[in-house]
Amino acid sequence: MQRLPKIERDDISGDLDHFYGAVTELLGRVPNFYRTISHAPWMAMLLLPFNAAVQRQWPGSRMSGRIKELVVIKTSHTNGCRYCYAHNTALGEAAGISHDEIVALSSDDYLTSKTLSDQEKLAVEWAEAVTLNTAATRDDLFAEMKKHFSDGEIVELTIVSAMFNMINRLNDSFWTELETPEYNQRQWNAVKDLRIE
């Protein structure tokens with residue numbers, strides 16, 4: 001059971017009602033994560049556009065939605081965040097990540113995957129190092145990152161992982177309940193409509 005009650009749509013008005021409308025527009029529904037952090041409404045409202053800008057593939061982003069979801073899945077799995085892992089494996093499918101690739105990301109098998117590119121493997125390895133807080137001492141890994149990614153891409157990938165480290169910890173701390181697969185299908189449909197590649 002969640003540690004904090006979810007704020008339901010029927011119990012809100014004003015700015016929070018507009019916010020829930022924006023979340024629904026972007027994600028197809030209001031996930032339990034946003035229904036929980038809305039106890040601090042202004043912070044939740046500020047997080048949504050940042051979350052979307054960091055995680056999705058937009059004209060201003062340097063990385064594909066696929067590679068970002070690989071990073072999110074590995075970060076969430078490394079942290080053991082059941083809520084984020086479940087959500088983002090579904091989003092990963094929308095971004096073109098196969099079931100076998102998700103299985104590989106859930107262990108060290110991604111390093112020998114025949115379907116992940118060398119660049120994707122490197123991004124996932126970097127996300128794992130960021131999550132384990134070993135990136136600061138991995139000069140070898142950072143040197144490889146510099147060979148395969150621009151400075152802006154490295155920053156973007158690091159922000160994706162760092163943001164999900166925060167989101168993982170929020171969901172784990174609050175024991176956020178996972179929605180039903182049917183409910184989450186609305187998010188998958190919303191992301192497919194954004195044509196993440």
Using θ = phi - 60° and the Karplus relation 6.51 cos²θ - 1.76 cosθ + 1.60, list the HN-Hα couplings for the range 48-60 in order, rounded to whole Hz, with x at every Gly or Pro.
4, x, 5, 4, 5, 5, 6, 7, 8, 9, 10, x, x
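Counting heavy atoms of the protein chains only and a 1.4 Å probe, report the per residue accessible area for the chain as a whole number of Å². Numbers along the way, then the final one.
Values: 9960 Å² over 197 residues.
Heavy-atom SASA per residue in the chain reads 51 Å².
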Pull out a ≥ b ≥ c, the square roots of the eigenvalues of the alpha-carbon gyration tensor of the range 98-150, then state rounded if a/c is under 1.5, prolate if not and a/b is larger than b/c, and oblate in the remaining case.
oblate
Protection proxy ranking of 32-43, 80-91, 138-149 - average other beta-carbon atoms within 10 Å, highest first
80-91, 32-43, 138-149
Quick one: dipole size for the chain, taken about the Cα centre, charges +1 on Lys/Arg Cβ and -1 on Asp/Glu Cβ, in debye to the nearest 20.
160
What list of whole percents do you get for P(r) of the range 33-152, with Cα-Cα distances grouped in 10 Å bins up to the one holding the largest distance?
13, 41, 36, 10, 1
Per-residue HN-Hα couplings for the range 137-152 [Karplus 6.51, -1.76, 1.60; θ = phi - 60°; Hz; x = Gly/Pro]
9, 8, 4, 4, 5, 5, 4, 5, 4, 5, 6, 10, 9, 6, 4, x
Tell me the angle of helix 118-131 to the major Cα principal axis of the chain, expressed in degrees between 0 and 90 and rounded to the nearest ten.
60
So what's the angle, to the nearest 10 degrees on a 0 to 90 scale, between helix 82-94 and the longest Cα principal axis of the chain?
70
Taking amide H positions as placed 1.01 Å from N in the peptide plane, with prolines and chain starts having none, which residues 5 or more places from SER98, or on another chain, fall under 5 Å of its amide H?
none
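The values are calculated or read from the model by the stated rules, or taken from the named source; none is laboratory data. As the structure is a prediction and not an experimental result, all values here were calculated from the model. We place every Cβ from the backbone using ideal geometry, glycine too, and count neighbours over all the protein chains shown. All accessible areas refer to the heavy atoms of the entire protein, side chains included, with ligands and DNA or RNA removed. Shrake-Rupley method; radii C 1.70, N 1.55, O 1.52, S 1.80 Å.
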